[in-house]
Amino acid sequence: MSDSYHIQGTDADSSAAADPSPNDPSPSDSPANETVRPGETEELTPTIEEIPESQSVIRSEELTVHYGDEQALQPVTVGIPEREVTAIIGPSGCGKSTYLRCLNRMNDMIDAARISGTVRFRGADVYADDVDPVALRRKIGMVFQKPNPFPKSIYDNVAYGLKIQGFDGDMDARVEQALRDAALWDEVKDQLDSSGLDLSGGQQQRLCIARAIAPDPEVVLMDEPASALDPVATAKVEDLIADLSERYTVIIVTHNMQQAARISDKTAVFLTGGQLVEFGDTDQIFENPENQRVEDYITGKFG
């Protein structure tokens, strides 16, 4: 798979490649949106497991984000391991989604966002001047919190990004494979011409996942993909994430700590003021965290 990002695209291309939602809310990761507990305004020394560069598909170095005058993300330096599930947890307003959006430059679409530091994808700086964000988002796809299928057929929803990028292979086979990978094929194979809007909420979210993986990305970002779903649909999405991690690197933001414990290999904990406080093996963080603030959060003492 080529690492070249120099693919020209229009604004419409960017929208399709990143799978944005017209209902996706404005950033809510400003520190002003989180209740700060007394004595928690100071930064603490993070406990961050070092992932060797040879095993990191994405690495951020001193990454910070401001929305206007508000700093939403304190400097973050961390490597994300390849073909594992990394969960990002923390209370509302702690920088989880802001960090996620930095990884495929979705924050570029927010005028007030100001980003400094470095994000490297396979060693290449994704914020370099010669990087095309449209091509980058084909390598690093995204699925949002609220299912957002296009008002098109199921088939055309999955094929849309492929058509935009000029895919000239076997479209039928590619669409079928994406739907199979999203655990949706058996449910929709006889109604591919039906509108994606006619599907249930859980099916719509899996359709969006199929659309995100159809261009064959290397990384799939998920911003609370199951928060709007019922328990049955949530279980299907969680099973799907486990399957996807065999082929893709999955990075998921979730408010559901039990979900993070169930599905992830690594966990990153963001707390007050957009600080990454701890990152490491999920079992370690949930059973014996290094940081007292992390233990307080996980045990429900705040957040």
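The values are calculated or read from the model by the stated rules, or taken from the named source; none is laboratory data. Everything numeric in this text was worked out from a predicted model, so none of it was measured. Please note: Cβ atoms are built from the backbone with ideal geometry, for glycine as well, and neighbour counts cover all protein chains shown. Remember, those area values only see protein heavy atoms, side chains included, never the ligands or the DNA or RNA. Shrake-Rupley method; radii C 1.70, N 1.55, O 1.52, S 1.80 Å.
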Checklist entry - Taking springs between alpha-carbon atoms closer than 10 angstrom, which of PRO52, PRO289, PRO133 fluctuates most in the Gaussian network model of the chain? => result PRO52
Checklist entry - Relative contact order of the stretch 47-299: what whole-number percent is it, with Cα pairs under 8 angstrom and at least 6 residues apart? => result 28
Checklist entry - What are the ³J(HN,Hα) values, in whole Hz, obtained from phi via the Karplus relation 6.51 cos²θ - 1.76 cosθ + 1.60 with θ = phi - 60°, for each residue of the stretch 56-73 in sequence order, with x given for Gly and Pro? => result 9, 8, 10, 9, 9, 9, 6, 6, 10, 9, 10, 10, x, 8, 8, 8, 8, 9
Next on the checklist: For the chain, give me the percentage of DSSP beta bridges that are antiparallel, rounded to the nearest 5 percent.
Outcome noted: 55
Item to check | Amide H contacts under 5 Å for ILE51, placed H, 5+ residues apart | outcome: GLY79
Item to check | Listed residues GLY196, GLY79, GLY166, most fluctuating in the chain (Gaussian network, C-alpha, under 10 Å) | outcome: GLY166
Next on the checklist: For the chain, what is the number of Lys pairs with C-alpha distance below 17 angstrom, counting only pairs 8 or more positions apart or on separate chains?
Outcome noted: 6
Next on the checklist: Can you tell me how the chain classifies by the Cα gyration tensor, rounded, prolate or oblate, using a/c under 1.5 as the rounded cut?
Outcome noted: prolate
Checklist entry - So which trypsin sites (Lys or Arg not before Pro) in the stretch 100-160 are both in a DSSP loop and have at most 13 other Cβ atoms within 10 Å of their Cβ? => result none
Checklist outcome for this item: Phi angles of the stretch 263-275, converted by Karplus (6.51 cos²θ - 1.76 cosθ + 1.60, θ = phi - 60°) into ³J(HN,Hα) in whole Hz with x for Gly and Pro, give 10, 9, 8, 10, 9, 10, 10, 9, 10, 3, x, x, 9
Next on the checklist: At a 10 angstrom cut-off on C-beta neighbours, averaged per residue, how do the peptides 68-75, 281-288, 244-251 rank from highest to lowest?
Outcome noted: 244-251, 68-75, 281-288
Checklist entry - Hey, any idea what % of the chain's accessible area is carbon plus sulfur with a 1.4 Å probe? => result 44
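Mind checking the per residue accessible area of the chain for me, 1.4 Å probe, whole number of Å²?
Working: 13040 Å² over 303 residues.
The answer is 43 Å² per residue.
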Item to check | Dipole magnitude (debye, nearest 20) for the chain, charges at Cβ of Lys, Arg, Asp, Glu | outcome: 420
Checklist entry - Gaussian network model of the chain, Cα springs within a sub-10 Å range: biggest mean-square fluctuation belongs to which of ASP170, ASP108, ASP181? => result ASP170
Checklist outcome for this item: Under the 7 Å Cα-to-Cβ spin-label approximation, PHE167 and ILE110 lie apart by a distance in nanometres of 3.0
Item to check | For the stretch 138-194 versus the stretch 279-303, the gap between their alpha-carbon centres in whole angstrom | outcome: 38
Checklist entry - Between LEU73 and residues 5 or more places away or on another chain, which pairs have amide H atoms under 5 Å apart, with H built 1.01 Å from N, and which residues are they? => result VAL65
Checklist entry - For ARG262 and ASP243 in one chain, what is 0.36 nm times their gap in residues minus the Cα-Cα distance, to one decimal in nm? => result 5.5 nm
